[in-house]
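Accompanying notes for the structure given below.
The values are calculated or read from the model by the stated rules, or taken from the named source; none is laboratory data. Keep in mind that what you see is a predicted model, and the values were worked out from it rather than measured. No Cβ is skipped: glycine too gets one built from the backbone with ideal geometry, and neighbour counts run over all protein chains shown. With ligands, DNA and RNA removed, areas are computed over all heavy atoms of the protein, side chains included. Shrake-Rupley method; radii C 1.70, N 1.55, O 1.52, S 1.80 Å.
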Amino acid sequence: MSPQRGVDRTPARDELGGAARVVGQAVGLIARPGERTHQLIADQVFRLLGPIARPVQRSHDAIAALSYRAVRDTAVLVAETLAVASALSGPRSPLDGSVSGSGVVAAVNGLLGDRLAAQANDLDLGMSLRHAGRDLPVRATELRAAYPGAGDHLVLLVPGLGETEHAWRFRRSRGVPANADYGVRLAADLGATPLYLRYNTGRPLATSAAALGDLLNGLLARWPVPVRRVDLIGHSMGGLVIRLACARGLAEGARWPELVRHVVYLGSPHAGAALAKGVTALSGLLSTRPATAAWAELLDLRSAGIRDLSDGIPPAGASPLPSARHHTVVAELTSSERHPVGRLLGDLMVTSPSAEVGAGDRLRIAPAHHLDLLNHPQVYRALRDWLDEQRNQEPATG
């Protein structure tokens, strides 16, 4: 597992060097299926021409092989040169300084995060709390400085695949009147202290769940005041990470699951995400034909996180935390639940049956799509009502 930035340390990251290496590798990865497709087409042409074309074919094959190898080697050489030059000039995180730049890094993590972690690439986000636009180490001094008015009720917001903490303000980018994100509004209405997570969403779900449990263990031990209650809100993949982390923490006897009162799943694909399943099916289809098999291999390079999304969580894999209240929010493209489009496509990413956790209550938002759940007035009203302990009797902990 790669270091969990924000738990014990926050090493400076050389994003430019990491990006250079990713681009260099990407050129090589794309060149391979291109070379194989080129070779298959050339073989068919030369086969039609017959034996008279064999000398030309040998020359063609040799030149083509050298050309593609030169492209791969040059890409790697240029990438390493840029990475070394960037390292010599000092670690920098220029992409992290903007919403769009951090979004690009998060998307790359979603697609290739397990490879980034295995290679210790500086684009690997690891897992960290985020505060004031930077990673926040889970250390007592930093936590006190960041949260001078720290309360005993924490709300942790966990984003989905390829998302950052900025995703919770999604609707602002769509010309809709600005709404503060859920965390800010829960702080104002309920006095909760919101915490925002950023993580490498391309790693296996189990890896992210283990890292989340470790982070929460450290957080509770170092929080400025004794923690009375924790609520967890996850969008899409984030809900699966939360569910697995709770099951793991409970099995290991960790203290933090005892403090969890509410878990909210916003479009989380418990039975697998339709889009991720589609990519898996497409890869299988392409692999059946020699002309497209190389492109299937390219699709198979998708991250472990995406692969896990296609499978979801088996019913017996992680039962919902018994001591907490669970809330499911689903979105559908059509107003009517019976409409065939809504039933087939769900919110474009996840179908409603897959989003059901099988416990607690359920809210349907329609017409809406997957990303609408990140910042939606109906969702917030439900969150406020669910998490308001003055309105609801607290469940007994066990």
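Taking the residues in region 330-354 that are open to solvent by 30 Å² or more (accessible area, probe 1.4 Å) and touching a Pro at 6+ places or on another chain (Cβ under 6 Å) as candidates, determine which candidate is nearest to residue 311 (Cα to Cα).
In this case the residue turns out to be 333.
Working carefully through the options 197, 215, 186, find the one that is modelled with pLDDT of 95 or more, touching a helix residue (DSSP H, G or I) at 6+ places or on another chain (Cβ under 8 Å) and within 29 Å of residue 116 (Cα to Cα). Even if it seems obvious, please write down each step before you answer.
Working: 215 fails: touching a helix residue (DSSP H, G or I) at 6+ places or on another chain (Cβ under 8 Å); 186 fails: within 29 Å of residue 116 (Cα to Cα).
Being modelled with pLDDT of 95 or more, touching a helix residue (DSSP H, G or I) at 6+ places or on another chain (Cβ under 8 Å) and within 29 Å of residue 116 (Cα to Cα) holds for just one of 197, 215, 186, which is 197.
The rows are residues; the columns are (1) at pLDDT 85 or above; (2) out of contact with any Pro (no Cβ under 8 Å at 6 or more places or on another chain).
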{"position": "95", "(1), (2)": "no, yes"}
{"position": "98", "(1), (2)": "no, yes"}
{"position": "105", "(1), (2)": "no, yes"}
{"position": "108", "(1), (2)": "no, yes"}
{"position": "114", "(1), (2)": "yes, no"}
{"position": "121", "(1), (2)": "no, yes"}
{"position": "127", "(1), (2)": "yes, yes"}
{"position": "131", "(1), (2)": "yes, yes"}
{"position": "135", "(1), (2)": "yes, yes"}
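Give region 142-154 a look and list any residue that's of a type in the set (A, V, I, L, M, F, W, C) and under 14 Å from residue 220 (Cβ atoms), or say none.
Narrowing region 142-154 to residues of a type in the set (A, V, I, L, M, F, W, C): 143, 145-146, 150, 154.
Hits for region 142-154 are 143, 150, 154.
Quick one: is residue 226 open to solvent by 10 Å² or more (accessible area, probe 1.4 Å), closer than 22 Å to residue 323 by Cα, in a loop (DSSP other than H, G, I, E, B) and touching a residue at least 24 places away in the same chain (Cβ under 8 Å)?
Details: open to solvent by 10 Å² or more (accessible area, probe 1.4 Å): yes; closer than 22 Å to residue 323 by Cα: yes; in a loop (DSSP other than H, G, I, E, B): yes; touching a residue at least 24 places away in the same chain (Cβ under 8 Å): yes.
Yes: the conditions hold for residue 226.
Could you tell me whether any residue of region 140-152 is at pLDDT below 90 and farther than 21 Å from residue 233 by Cα? Don't jump to the end; show me each part of the working.
So in region 140-152, the residues at pLDDT below 90 come out as none.
Scanning region 140-152 turns up no residue that is at pLDDT below 90 and farther than 21 Å from residue 233 by Cα.
Looking only at residues that are touching a Ser or Thr at 6+ places or on another chain (Cβ under 9 Å) and of a type in the set (A, V, I, L, M, F, W, C) in region 187-210, which one is least open to solvent (accessible area, probe 1.4 Å)?
Top of the filtered list is 197.
Pick from region 355-384 the residues that are outside any loop (DSSP other than H, G, I, E, B) and under 16 Å from residue 342 (Cβ atoms): which of them is most open to solvent (accessible area, probe 1.4 Å)?
Filtering region 355-384 down to residues outside any loop (DSSP other than H, G, I, E, B) leaves 355, 361-365, 370-374, 377-384.
With under 16 Å from residue 342 (Cβ atoms) added as a condition, the list becomes 355, 362-365, 370, 372-373.
Numbers: 355: 4, 362: 100, 363: 40, 364: 49, 365: 1, 370: 13, 372: 10, 373: 0 Å².
Among those residues, the one meeting the criterion is 362.
Pairs only if they're at least six apart or on different chains, beta carbon under 9 angstrom, first in region 311-336 and acidic (Asp, Glu), second open to solvent by 10 Å² or more (accessible area, probe 1.4 Å) and part of a loop (DSSP other than H, G, I, E, B); list them, first residue then second.
Every condition considered, the pairs that remain are 311/271; 332/339; 332/351; 332/366; 332/367; 332/369.
Quickly run through region 229-272 and pick out the residues that are open to solvent by less than 10 Å² (accessible area, probe 1.4 Å), touching a strand residue (DSSP E or B) at 6+ places or on another chain (Cβ under 7 Å) and assigned to a helix (DSSP H, G or I).
Result: 238, 239, 241, 242, 246, 256.
Taking the options 314, 322, name whichever one is open to solvent by 40 Å² or more (accessible area, probe 1.4 Å), in contact with a Gly (Cβ under 8 Å, 6 or more places away or on another chain) and in a loop (DSSP other than H, G, I, E, B).
Details: 314 fails: in contact with a Gly (Cβ under 8 Å, 6 or more places away or on another chain).
From the options 314, 322, the qualifying one is 322.
Identify the single condition in (1) in contact with a Lys or Arg (Cβ under 9 Å, 6 or more places away or on another chain); (2) open to solvent by 60 Å² or more (accessible area, probe 1.4 Å); (3) at pLDDT below 90 that residue 395 does not satisfy, given that it satisfies every other one.
(2)
Filter region 126-163 for residues that are open to solvent by 10 Å² or more (accessible area, probe 1.4 Å) and assigned to a loop (DSSP other than H, G, I, E, B) and give the result.
Within region 126-163, 132, 133, 139, 147, 148, 149, 150, 151, 152, 161, 162, 163 qualify.
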